[in-house]
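Structure first, then comments.
Please treat every number below as a calculation from the coordinates, not as lab data. Small disclaimer: the values here were computed from a predicted structure and weren't measured. Heads up, the Cβs are rebuilt from the backbone with ideal geometry, glycines too, and the neighbour counts pull from every protein chain shown.
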Amino acid sequence: MLEQYKKKSLRNQGEKLHFTSVGERDVYNITAPFKDYNEEVIAGRVEPRDSEYSEVKFFKKDGGHWIPREGSPTFELQDPFLTNIHDQLVFGGVEVSPHPNKQSALIWKTVFYKGGSINELQRFAEGPQGMKDIRLVELSDQRIGICTRPQGDKGGRGKIGYTEIDSLDQLTADVIEEAPLLQEHFIDEEWGGANELYLLDNGQIGMLGHIARFDETGNRHYYPITCVLDREGMRLKDMKIIATRNDFPDGEAKRNDLVDVLFSGGLLQLGNGEVELYVGVSDAEAHRIRIPDPFQIKGGE
């Protein structure tokens, strides 16, 4: 996929987004902009360069910068995501805590909040311990599709599972854990997950995600991907890489092994056959880039 992407021409150059009023901290792994009470908002991971303990803050546009939105809550989470399910804003992220048995190690789980708006968010569910990249989408029959990312015996370094439920009340760690894996998609040496899901006009699910690997020196390489989840066939198709680090300006990195890392945040449709892809870059910055719309998102959302 990487070789196929490199053969493309006429690629746009991305741009860095500038966040202020967060002290000596980085903002990265952002969502795409969304509307809350008709105001454009971005959620972002705010973190010291030498730490994995982060906050998620909500930002609004102020001239050429994004500033913390006054009055909005702050969550002690990593890697925010959001969607709309049954007329509710569903927001989530990764909650980390010290490992009970390993000094200086962390454990993590995905947690979920819902509400009519950002200021009404209430925690209602959590995923299994050790699982990131759990994402939801409302389907045309009002059921809810769930993408999971188990590791270990079931998923190796990280593969994608899928299941469906009828309501948010059924979103439990057991349901998430038991979701069957999709047919083969990542080789064992690589890993990845879903970052945002979209209902397509044909009833299938468009997926923005990421694929990752280590190189021979231990450096990490993360690439944004898109594909289509065939619900009946339980497989991913049309997977492709949609951006690389070289498409963005040079910048800071959290560590030397994270320079070539793009973490997909979300897509914003522009209505002209293009979308803006929002990404975390090198675990230290947030950028965006215009690319061709990889699929038509139902309702233009």
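Could you list the trypsin sites (Lys or Arg not before Pro) in segment 27-56 that lie in coil according to DSSP, counting only those with at most 14 other Cβ atoms within 10 Å of their Cβ?
Arg49
Hydrodynamic estimate: the Kirkwood radius of the chain over Cα pairs, inserted into Stokes-Einstein at 10 °C and 1.306 mPa s, corresponds to D of 82 µm²/s.
As a proxy for reagent exposure, ranking Tyr5, Tyr278, Tyr223 by other Cβ atoms within 10 Å from fewest up yields Tyr5, Tyr223, Tyr278.
So, R0 is 41 Å and r is the distance between the beta-carbons of Gln296 and Asp188; what FRET efficiency does that work out to, to 0.05?
With a Förster radius of 41 Å, E is 0.75.
If R0 is 35 Å, the Cβ-Cβ spacing of Ser167 and Glu216 corresponds to a FRET efficiency of close to 0.15. Given Cα pairs under 8 Å that are at least 6 residues apart, what percent is the relative contact order of segment 218-283? So the answer I get is 32 percent.
Compute for segment 67-145: radius of gyration divided by Kirkwood radius, i.e. Rg/Rh, restricted to C-alpha atoms, rounded to two decimals. Write out the running numbers ahead of the final one.
Numbers: Rg = 14.4 Å, Rh = 13.9 Å.
Taking Rg over the Kirkwood Rh, I get 1.04.
Label separation (Tyr37 vs Phe124): 2.1 nm, computed from points 7 Å beyond Cα along the C-beta direction.
The value given for segment 114-185 is a Kirkwood hydrodynamic radius of 13.0 Å, derived from the mean inverse Cα-Cα separation. Neighbour counts of other Cβ atoms within 10 Å put Thr172, Thr217 in the fewest-to-most order Thr217, Thr172. Calculated on the Cα set of segment 28-173, radius of gyration then Dmax: 16.0, 49 Å.
In this structure the amide hydrogen of Ile85, modeled in the peptide plane, comes within under 5 Å of the amide hydrogens of Val90, none closer than 5 places in sequence on its chain. Relative to the current alpha-carbon distance between Thr74 and Asp238, full extension at 0.36 nm per residue lengthens the span by 55.3 nm. From its DSSP helices (H runs of at least four residues, each -39,500 (n - 2.57)), the chain gives a residue-normalised ellipticity at 222 nm of -1000 deg cm²/dmol. Between Asn202 and Glu24, the FRET efficiency from the beta-carbon distance, with R0 = 45 Å, is close to 0.40. Annotation for His86 and Glu55: the two label points, set 7 Å from Cα along the Cα-Cβ direction, are 3.2 nm apart. Summing +1 for each Lys or Arg and -1 for each Asp or Glu among the other residues whose beta-carbon sits under 12 angstrom from that of Arg220 gives 0.
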